[in-house]
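Before any comments, here is the structure.
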Amino acid sequence: MAAIHGKDTKPEMIVRRYLWSHGFRYRLNHPGLPGKPDVVLRKYRTCVFVNGCFWHGHLVDMQQSEIENSECCKIPKSNTNFWVKKIRRNQERDRIVQQKLAAMGWHSITIWECELKPAIREKTLESLAYTLNRIFLQDHSVRWYGIPDEEPMIAAEELPSNNQ
């Protein structure tokens with residue numbers, strides 16, 4: 001367990017290299033935000049979490065009384081109760097962190113380790129870039145709060161005069 005690190009993991013480095021090479025600038029593990037997100041893009045008010053499938057229980061429904069393994073998350077057969085409790089706590093913490101970030105006005109994106117396998121990596125990263133650009137355009141679009149048009153006037157039409 002001591003050899004497992006929470007920062008600079010291989011999946012996280014893949015995401016960071018892609019973002020940097022495509023012009024997205026970010027900060028790492030911002031201590032002022034809940035959960036210390038892996039990547040923080042302030043310009044986009046977005047936090048990116050790169051989660052390991054095992055540690056965060058990807059595709060495992062922890063609400064059920066019987067725990068079933070998923071394709072990418074296998075619960076160990078030894079000391080199962082410990083691991084189930086640990087993964088449930090991690091999932092609950094992730095949910096709370098995302099709620100806090102949303103309340104602060106931040107977007108949060110979760111990328112799973114299995115989504116960064118070579119076969120689907122490019123699709124996942126392109127989807128991330130598309131989502132970030134969409135968030136930016138949505139947050140920075142010009143909003144028109146003008147007076148609603150009554151009846152448009154035709155240029156050749158005479159203006160009504162008050163003298164009649």
Legend entry - Cross-chain or 6+ apart pairs with Cβ under 6 Å, the range 50-61 first and more than 18 Å from R121 (Cβ to Cβ), then open to solvent by 20 Å² or more (accessible area, probe 1.4 Å) and at pLDDT 80 or above: G57/Q91
Inset, instruction - Could you tell me whether any residue of the range 100-107 is in contact with a Gly (Cβ under 9 Å, 6 or more places away or on another chain) and closer than 18 Å to F54 by Cα? - result: no
Inset, instruction - Residue by residue through the range 97-132, note down the ones that are more than 12 Å from the chain's Cα centre (by Cα), surrounded by fewer than 17 Cβ atoms within 10 Å (Cβ to Cβ) and in contact (Cβ under 8 Å) with a residue 24 or more places away in the chain. - result: K100, M104, G105, R121
Legend entry - Leading residue by the ranking (nearest to E92 (Cα to Cα)) among those in the range 11-39 that are of a type in the set (A, V, I, L, M) and surrounded by fewer than 20 Cβ atoms within 10 Å (Cβ to Cβ): L33
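The values are calculated or read from the model by the stated rules, or taken from the named source; none is laboratory data. From a predicted model like this one, the values you see are computed outputs, not experimental measurements. Because the Cβ atoms are built from the backbone with ideal geometry, glycine has one as well, and the counts that use them run over all protein chains shown. The area values use the complete protein model at the heavy-atom level, side chains included, leaving out ligands, DNA and RNA. Shrake-Rupley method; radii C 1.70, N 1.55, O 1.52, S 1.80 Å.
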